[in-house]
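Engineer: The structure that follows is given in the form of structure tokens.
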């Protein structure tokens, strides 16, 4: 198999009318360039907002995943008899046993009357919290996450889940407090373009920050010495939607993009100084005249490009998302191999298992990451010496090979499965990548079409997927 498979795409011959229209087109390009330069600053602002929005959403997703892990851990612990029997001594032993190993700074219990039991505080401490807003919040929710608050050694928040006996009766609330220092440090380390900053805000507009003396502060954008405009935050909390806009922080206008957390009443806000964005476009205004002159030279360059396109007869097709060939590339290669009856052609058809589950559970960005990972592994194993990998569509991939044995393909697929296990460990979420595959071969002299061969490999993959589902069902 050729190490680099290039597919021919013949360009249609340019007719006289097009050649006559080229000078007119070049003039239009010249004036279009002037318009693009005048709109450059607006596009810079728009692209800045897109980057800020992406960063805010990514940070929101990371925080949600982290909070979900904390919540699920507490929900699992709440099912323990030592918890729902509401025996103080057993709860003390339980807290001593689980606090450090689960990463919580402390675990405590609140009964239905608002009596808080802190088993590891000074040998065991009672607090009557019935009149506190905290008790009203946890009593009215199955799951509740408090606003961050400051302790001497850093910011802390509390995750609370309902305690229910096996018959469903609610007997109290299990609470786990943990420090947000690591989370906030990760946010502070994020590189925001143009010297911007990322914040986590509560409904009051307060955010946690680390001062120059490495001391933590809980500052407010809605009061005190800050002059931040809070209209954007008010709209965000009123609608529950991710919004973009402008705010003023310490007298400076900031472009802001927000993302609302799903598991806590918090908002991630990424701010970029408007002055820095504007400063980055000043140089464009200064060289506008020079660019106008260069645009005239570009007219001749465009004409040369048109001639180059006319002479070119090869183009390499790649998938817009994955590091492999596209469906068009696959079809072109099959068409080239179709008349070759003197050599064998093998088609391997593969797709990801439970891909819809990944999209629905972790989002389409993580689904795209899985597709890229799968394509990278297939290309690494098969491309170059064995065959050519292309994405047929969705999560389905095709590998086209010539003159290979079933044993070689089986060994290559074993390597694919090993690489997928290794790639699974690098994913930003917990999931083992698995796949199903099918294979079909047209031997020398056979009259079978390659289109039928692809369908045969697809059917074989479907049978493999059924067997995997049956095996999984038998294990359960």
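Engineer: If residue 36 passes every condition in (1) assigned to a helix (DSSP H, G or I); (2) at pLDDT 85 or above; (3) under 35 Å from the mean Cα position of the chain (by Cα) but one, which one does it miss?
Structural biologist: Unmet for residue 36, out of (1) assigned to a helix (DSSP H, G or I); (2) at pLDDT 85 or above; (3) under 35 Å from the mean Cα position of the chain (by Cα): (2).
Engineer: Still on this structure, please answer the following. I'd like the residue in segment 255-270 that is at pLDDT 85 or above and more than 20 Å from the chain's Cα centre (by Cα) and, out of all such residues, is nearest to residue 54 (Cα to Cα).
Structural biologist: Once the filter is applied, the top-ranked residue is 256.
Engineer: Considering segment 164-189 alone, what residues qualify as being under 30 Å from residue 279 (Cα atoms) and either surrounded by 14 or more Cβ atoms within 10 Å (Cβ to Cβ) or at pLDDT 75 or above (or both)? Please lay out each step first, then the result.
Structural biologist: If we filter segment 164-189 for residues that are under 30 Å from residue 279 (Cα atoms), which is where we start, we get 184-189.
Result: 184, 186, 187.
Engineer: Name every residue in segment 85-125 that is more than 15 Å from residue 173 (Cβ to Cβ), over 42 Å from the mean Cα position of the chain (by Cα) and either not assigned by TED's automatic domain parsing to the domain that holds residue 161 or not in a helix (DSSP H, G or I) (or both), in order of residue number.
Structural biologist: Across segment 85-125, the qualifying residues are 87, 122, 123, 124, 125.
Engineer: State whether one or more residues within segment 209-230 are over 30 Å from residue 153 (Cβ atoms), modelled with pLDDT of 80 or more and either over 29 Å from the mean Cα position of the chain (by Cα) or surrounded by 15 or more Cβ atoms within 10 Å (Cβ to Cβ) (or both).
Structural biologist: Checked against the condition, which is being over 30 Å from residue 153 (Cβ atoms), modelled with pLDDT of 80 or more and either over 29 Å from the mean Cα position of the chain (by Cα) or surrounded by 15 or more Cβ atoms within 10 Å (Cβ to Cβ) (or both), segment 209-230 yields no hits at all.
A quick yes/no check of all residues on (1) part of a helix (DSSP H, G or I); (2) surrounded by fewer than 23 Cβ atoms within 10 Å (Cβ to Cβ); (3) under 13 Å from the mean Cα position of the chain (by Cα):
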residue: 343; (1), (2), (3): no, yes, no
residue: 350; (1), (2), (3): no, no, no
residue: 357; (1), (2), (3): yes, yes, no
residue: 367; (1), (2), (3): yes, yes, yes
residue: 375; (1), (2), (3): yes, yes, no
residue: 380; (1), (2), (3): yes, yes, no
residue: 390; (1), (2), (3): no, no, no
residue: 400; (1), (2), (3): no, no, no
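Engineer: Then there is this: Taking residue 395 as the residue in question, decide whether it is farther than 27 Å from residue 444 by Cα, crowded, with 17+ Cβ neighbours inside 10 Å and under 29 Å from the mean Cα position of the chain (by Cα).
Structural biologist: Numbers: farther than 27 Å from residue 444 by Cα: yes; crowded, with 17+ Cβ neighbours inside 10 Å: yes; under 29 Å from the mean Cα position of the chain (by Cα): yes.
Yes, satisfied.
Engineer: Report yes if some residue within segment 153-163 is at pLDDT below 90, farther than 30 Å from residue 81 by Cβ and part of a strand (DSSP E or B); otherwise report no.
Structural biologist: Checking segment 153-163: at least one residue is at pLDDT below 90, farther than 30 Å from residue 81 by Cβ and part of a strand (DSSP E or B).
Engineer: State yes or no: is residue 333 assigned by TED's automatic domain parsing to the domain that holds residue 454 and either at pLDDT 95 or above or within 29 Å of residue 62 (Cβ to Cβ) (or both)?
Structural biologist: no
Engineer: Follow-up question, since we're still on this one. With respect to residue 463, is the statement that it is in contact (Cβ under 8 Å) with a residue 12 or more places away in the chain and either closer than 30 Å to residue 66 by Cβ or touching a strand residue (DSSP E or B) at 6+ places or on another chain (Cβ under 6 Å) (or both) true?
Structural biologist: Working: in contact (Cβ under 8 Å) with a residue 12 or more places away in the chain: yes; either closer than 30 Å to residue 66 by Cβ or touching a strand residue (DSSP E or B) at 6+ places or on another chain (Cβ under 6 Å) (or both): no.
So residue 463 fails the test.
Engineer: Still on this model: Any residue in segment 330-347 that is in contact (Cβ under 8 Å) with a residue 24 or more places away in the chain sitting within a Cβ distance under 8 Å of a residue that is assigned to a strand (DSSP E or B) and loosely packed, with under 14 Cβ neighbours inside 10 Å? List the pairs, counting only those 6 or more apart or interchain.
Structural biologist: 332/8
The values are calculated or read from the model by the stated rules, or taken from the named source; none is laboratory data. What you see is a predicted model, and the numbers here were worked out from it, not measured in a lab. Here Cβ is always computed from backbone atoms with ideal geometry, including for glycine, and neighbour counts include all displayed protein chains.
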